[in-house]
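Structure first, commentary second.
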Amino acid sequence: MSDTPYMDALSKGPWPSHTKELKRTRYPIMMYEEAMKQRLTQWGHGGMSSVPGLGSGAIARKSRRPDIISHSHLIRVLGNPGNFYKTSTFRKICEIADKYGDGSLHMLTTNYNIEICGIMNDDAMKGVTQELNAMGYDVGSAGDAIRNIPDCMGPALCEYAMVDMPRVKHFMTKHYIDDIQYPRFPFKIKTKMSGCPNECGKALLHGDIGIIGVFRDLPKVDQKRLNQWVKKGGNIKWVCDHCPTDAMKWEKNKLKIDGNRCIRCMYCINRVPAIKSGDDKGFAITAGGKMKGKFGPMKGKVIFPFIKATPPDYKELVQAYDKICEIYDEHGRKKERIGDMMQRLGFDKFLEWCGVEVSTMHFSSPRRNTFYHWEAEELGGVK
Amino acid sequence: MSKVGGVGVPRVEENLPPVVLKNYGKWDTHEIVKPGVIKRVSKTGDVCHTVRTAMPPSRISVASMLELCDLADKYSGGYFRITLRHSFEFIVVVPKQINALIKEVEALGFPVGGTRNSMHNIMACPSWIHCNLPATDSPSIAKVLGDALIKEFKNHKLPSWLKINIGGCANIEEALMADIGIIGVHRDLPIVLEDQIGICERPTVIAICPTAAIKPKGEFSVSISAERCIHCGACTMHCEAILTGDPKLDGYAISVGGKASNTGSGPDLGRIVIPYLPNNPPKWQEAVKAVVQIMDAWRKDAEPDERMREWINRIGWDRFFRKAGIKVSLKDIDGYIYGNEFARSDLRFGW
Ligand code: HEM
Ligand code: HEM
Ligand code: SF4
Ligand code: SF4
Ligand code: SF4
Ligand code: SF4
C-alpha cells in the first residue's frame, strides 16, 4: 500500500493536481500527507529570516515535525510587469529554484510574486538573490514593507487600459525598491493596480493602497462604427437596457450618452467596440482595502479621485503615494493595517492629513450624525 | 555587508512578443474564438491569439514549468503570461496551430478554458502545504472543485463568469472578492504555550487582539477569554507561542457575491452565507455540494450576463437563500463592529 493515500487520491482527475506536482519535486511530501491525515498543518511559525544584506527577501518557516524536515524557507521574486515572461529567462529562474530550493514554485502568490520554495539555509538564500539580481530580477515583498506592486496587462494586451500600468509598475518598483526590501512600516502595505475601472487587479478591494486608471469625460461613441456593429447583429438595445444609470439612448441610429447620468462604469465600453473611454485619463488612488485586522474585511476608500498620469517621473502619483505612506508610518500602530488605522482615526482626519480637497467623490453619501469636531478657529474665537 | 538586491523589475518591453510590443496601446477589440482562446485585434490590423490553461493550486514543479516552457517555445515564440487569476497563457499562437497546442498542453494535464462565461481558474493559498495558520486546506478543495466543475471551465454555458477563490484562514485577501469564496474557520480557542510565551514581548500580542480577549496572566504568560475571542487568528500569526486550537473543530465558511468591477452595482466584498462546514479530505464532498448548489441556483435563475452579485441584488437575499436551499441561522447576523449596518431597516421583504 502507498504511504500517501491522501495525495494519491488528489493526483487523479482532470484538474491540474498540486499533489502530482509536489511529487515531482523534493518537497517533503509527508508534511502534506500527515496534515491531511491529522487535518492539521505540520508547519510551525513563520517569520523573516534575516540574512545580512538581504533585507526582507526571505520568509522563514519552521516545522512542527523535525522527524520529517527541520524547516523550509522561501524567497519571493518580484513578478514581471504585466506578468509577461520569456521562456529563456524563465528557464533560468527554474534552474535557480532547482539548484537552491526543493524544485517547487508558487506561480503566483496572491501578490503576484513567484515563490521559490524549499530553501534551507542563508547561503542558498543569498545565492538565489545574487543569481536573480545578475539577470535583472529582484526579491522582496515580505515583512512590514511595501509588498510587490502588481499590475494588470494594461495597454500591452488590453484595449481598455487608461494608464500604462506595466510601465507604472516598473517605475514604482524602482522608485520604492528600498521600502520594498527593507521593512519599516507598522505592518505590510499591499499596493494593487488596475488599468481601468474593470479592476482586474482588484485594487480598490484588495489594496492597502490602490492605483486605478480612470477617465473623467464621457465615453466616446464612433457612430458610424456603431451602426456597422448593429447591422452585423450587435444588440445595442440590450446594452442600453443594462447601463446601470440608464444613461444611454439609442434613437434614429444614433447613440447619445447622458452626461448627467453616466458614472463611467465601463459596461458599454466592454460590450461595444465602437464605444471607447474618454480622453481625460488619470489615476484614482484608494486606501484601506483588506481582509484581516481589527475591524475585519474592508473595501478601500477613494482618497485621490483623480490625479494626472505624468511619465517619466509620475510626480503626482509619487506625492499621493508618499503622503499615504507617511501618515501610516507616523500614526499606524504596530501590526495595524492602513484600513484599521483610518477607521480608528476617522476618515475625515485621514483625508485632512492627506491634504486633499474634499469633494463629493469622497463619499457615497454625506453623513447622518452631527457629531463633528470643531476647531477653535472655526468657532470664531468664541471659545 | 554590501546590500544585495535593489535592481527592481525588468522593463515590460523585455518580455513582450514582437507583435505585442508593436501594438502596445493599439489594441482595439477582442473576441473569444472558443473557450480558452482569445483573439485580440489591433488598430494596425495585427492579431494576437492567446490560449489559456488551468493551473494546479498553489504549487507547481519546476519540471512542469519547463514542460510548459517547451510548449511556449514551440507554439508561442517563447513567450507566456500568468494571468491575474494565475492561469498560464500562451501569447501569439499561430491560428492554424491552436488545436495542436491545445492537444499537447491538455495531454500534459493542463485543461484549456476559463474565459468569458465559464468557471475561471481557481485561486488557492498554500494552507497545509506550507503555512502554520490554516483552518482548512485550500489547494485540495480547489483540486476537487476543479475536477467537479471541469465542464464549466471548458465551456461558456454559465450566465456570466464564475470566479472561485479559496483561503485557508481569515487572512486570505482573495476569497471575499470572488463570486464564490471559501474561507477557513477556526472554532477552538488558540492554545498558549505557557513555557514559551516569554520569548517575545507580551504587549504586542495583547494589543493586537481586536476584542481584548488576551490578558496578562502572572508575570510571563497570557490567558485568552473564550467569551471574547472571535477566532480571528491575529495572535497565532504574530506570536510564536500561541498556536491554533483543536483541528477537529476547524472547517470553512462559504461566501458569495464578491466582485471587483465597477459595472452593474459596482465593486463589493462577498457575504458569508454558510458559516461552517467540516474538513473532510480528500473528497471534501460538503464543499463540492455547497458550491454546486449555489452555482446551480444562479445558473437556473440568472439572466444572461448577470454575475452572481447582480443576480442576488435583483432577487434579494430572501430569495437567494431560498433558491440556493441554504438554511439561515443566527450565525448569519453580523454581531461584529459593523453588524448593525447589515441588519434590516426596511420592510421590502421577498416572501
Ligand atoms: C540580539 C538582539 C536583538 C534581536 C535578536 C532582535 C530581534 C528582533 C525581532 C525578531 C524583531 C521583530 C521584527 C518584526 O517585526 O518582524 C525585532 C523588532 C524590533 N527590535 Fe529588536 N532585536 C534585538 C535587539 C534590539 C535592540 C538592541 C533594539 C533597540 C535598541 C531593538 C529594537 C527593536 C524594535 C524597535 C523593533 C520593532 C521594529 C518594528 O517592528 O518596526 N531590538 N527585534
Ligand atoms: C536582546 C535584546 C532584544 C531582543 C531579543 C528584542 C526582541 C524584540 C522582539 C522580538 C520584539 C517584538 C517584535 C514583534 O512583535 O514583532 C521587539 C520589539 C521591541 N523592542 Fe526589542 N528586543 C531586544 C532589546 C530591546 C531593547 C534594548 C530595546 C530598547 C531599548 C527594545 C525596544 C523594543 C521596542 C520599542 C519594540 C517595539 C514594541 C512594540 O512596538 O510593540 N528592544 N523586540
Ligand atoms: S483592469 Fe482594465 S486595463 Fe487592466 S486588464 Fe483589466 S480591463 Fe484591461
Ligand atoms: S459607462 Fe456605464 S454608466 Fe456610462 S453610459 Fe456606459 S454603461 Fe452607462
Ligand atoms: S490564507 Fe491563511 S492559511 Fe492560507 S496561506 Fe494565508 S495565512 Fe496561511
Ligand atoms: S484569535 Fe483573535 S480574537 Fe482570539 S485571542 Fe487571538 S487575536 Fe484575540
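What follows draws every value from the coordinates through simple rules; no lab data is involved. Keep in mind the model is a prediction, meaning the values are calculated, not measured. As a convention, Cβ positions derive from the backbone with ideal geometry for all residues, glycine included, and neighbour counts pool all protein chains shown.
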Out of A:Tyr27, A:Tyr182, A:Cys243 - ranked by how far each Cα lies towards the positive end of the dipole of chain A, with unit charges on the beta-carbon of charged residues - the top one is A:Cys243
Averaged across the residues of B:254-267, what count of C-beta atoms belonging to other chains lies within 10 Å of each residue's C-beta?
-> 6
So what's the angle, to the nearest 10 degrees on a 0 to 90 scale, between helix A:315-331 and the longest Cα principal axis of chain A?
-> 60 degrees
For the protein assembly as shown, with +1 on Lys and Arg beta carbons and -1 on Asp and Glu, the positive-most of B:Ile191, B:Asn171, B:Ile214 along the dipole | B:Asn171
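Remind me, what semi-axes does region A:253-300 give for its equivalent ellipsoid, largest first in whole Å, using sqrt of 5 times each Cα gyration tensor eigenvalue? Let's see the in-between values first.
Numbers: eigenvalues 226, 29, 23 Å².
Largest first, region A:253-300 gives 34, 12, 11 Å.
Work out the mean other chain Cβ neighbour count within 10 Å for the residues of B:74-87 and drop it here as an integer.
Values: counts 0, 0, 1, 2, 7, 6, 6, 8, 10, 5, 14, 2, 7, 0.
Counting other chains' Cβ atoms within 10 Å and averaging over B:74-87 gives 5.
Restricting attention to region A:217-314, which trypsin sites (Lys or Arg not before Pro) occupy a DSSP loop and are surrounded by at most 11 other Cβ atoms within 10 Å?
Values: sites: A:Lys220, A:Lys224, A:Arg225, A:Lys231, A:Lys232, A:Lys237, A:Lys249, A:Lys252, A:Lys254, A:Lys256, A:Arg261, A:Arg264, A:Arg271, A:Lys276, A:Lys281, A:Lys290, A:Lys292, A:Lys294, A:Lys299, A:Lys301, A:Lys308; in loops: A:Lys232, A:Lys252, A:Arg261, A:Arg264, A:Lys292, A:Lys294, A:Lys299.
When the trypsin sites (Lys or Arg not before Pro) of region A:217-314 are filtered for loop state and at most 11 Cβ neighbours within 10 Å, A:Lys232, A:Lys252 remain.
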Just the C-alpha atoms of region B:165-219: what Rg/Rh do they give, with Rh taken as the Kirkwood radius?
-> 1.12
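About its Cα centre, how strong a charge dipole does region A:5-134 have in debye, to the nearest 20, once Lys and Arg get +1 and Asp and Glu get -1 at the Cβ? Display every interim value, and only then the final one.
Numbers: 17 positive and 12 negative charges, 49 e Å.
Value, rounded to 20: 240 debye.
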Those GluC sites (Glu not before Pro) in region B:216-271 that DSSP places in a loop and that have at most 14 other beta carbons within 10 Å | B:Glu219, B:Glu227
Taking Cα atoms only, helix B:138-148 is inclined relative to the longest principal axis of chain B by an angle, in degrees rounded to 10, of 50 degrees
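Test of understanding: given chain A, find the longest segment containing no GluC sites (Glu not before Pro) that are in a DSSP loop and have at most 13 other Cβ atoms within 10 Å. Before the final figure, lay out the partial values.
Values: sites that count: A:Glu357, A:Glu375.
In chain A, the maximal stretch lacking such sites is A:1-356.
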Rh by Kirkwood over Cα pairs, then Stokes-Einstein D for region B:191-231 at 1.306 mPa s and 10 °C, µm²/s = 152 µm²/s
Which loop trypsin sites (Lys or Arg not before Pro) in region B:284-351, with loop taken from DSSP, have no more than 12 other Cβ atoms within 10 angstrom of their Cβ?
-> B:Lys327, B:Arg344, B:Arg348
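Stretched out fully, how many nm does the piece from B:Glu219 to B:Tyr336 gain, at 0.36 nm a residue minus the Cα gap?
39.0 nm
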Which parts of region A:4-20 would a label at B:Asp147 reach, counting a residue when its backbone N lies under 14 Å from a point 7 Å out along Cα-to-Cβ?
-> A:5-20
In Å, descending, principal axis extents of the Cα set of region A:220-276 = 28, 21, 18
Classified through the alpha carbon gyration tensor (a ≥ b ≥ c as square roots of its eigenvalues; rounded if a/c is under 1.5, else prolate when a/b is larger than b/c, else oblate), region A:225-360 comes out prolate
Return the Rg/Rh value of chain B, two decimal places, where both radii are evaluated on C-alpha atoms and Rh is the Kirkwood radius.
-> 1.03
Electrostatic dipole magnitude of the protein assembly as shown [Cβ: Lys, Arg +1; Asp, Glu -1; Cα centre; debye, to 20] = 2180 debye
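In region A:159-290, what % of DSSP beta bridges are antiparallel (nearest 5)?
Working: 13 of 17 bridges.
Looking only at bridges with both residues in region A:159-290, the antiparallel portion is about 75 percent.
Place a +1 charge on the Cβ of each Lys and Arg in region B:12-107 and a -1 charge on the Cβ of each Asp and Glu, then give the dipole magnitude about the Cα centre in debye, rounded to the nearest 20. Before the final figure, lay out the partial values.
On the way: 13 positive and 11 negative charges, 63 e Å.
For region B:12-107, the charge dipole is close to 300 debye.
Considering every residue in B:65-71, what mean count of other chain Cβ atoms within 10 Å of its Cβ is obtained? Spell out each step's value before the answer.
Details: counts 13, 6, 1, 3, 7, 2, 1.
The per-residue average across the peptide is 5.
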Can you give the convex hull volume of the alpha carbon atoms of region B:12-107 per residue, in Å³?
-> 109 Å³
Taking 1 over the mean of 1/r across every pair of different Cα atoms in chain A, what Kirkwood radius in Å do you get?
-> 23.8 Å
Taking all pairs of different Cα atoms in the protein assembly as shown, averaging 1/r and flipping that mean, what Kirkwood radius in angstroms comes out?
-> 26.5 Å
May I ask you to list the residues of region B:262-291 whose amide nitrogen lies under 14 Å from a point 7 Å from Cα along the Cα→beta-carbon direction of B:Lys327?
-> B:274-278
Between the Cα axis of helix A:87-100 and the main Cα principal axis of chain A, the angle (0 to 90°, nearest 10) is 40 degrees
Given 15 as the ceiling on other Cβ atoms within 10 Å, longest exposed-site-free region of chain A for chymotrypsin sites (Phe, Trp or Tyr not before Pro) in DSSP loops = A:1-362
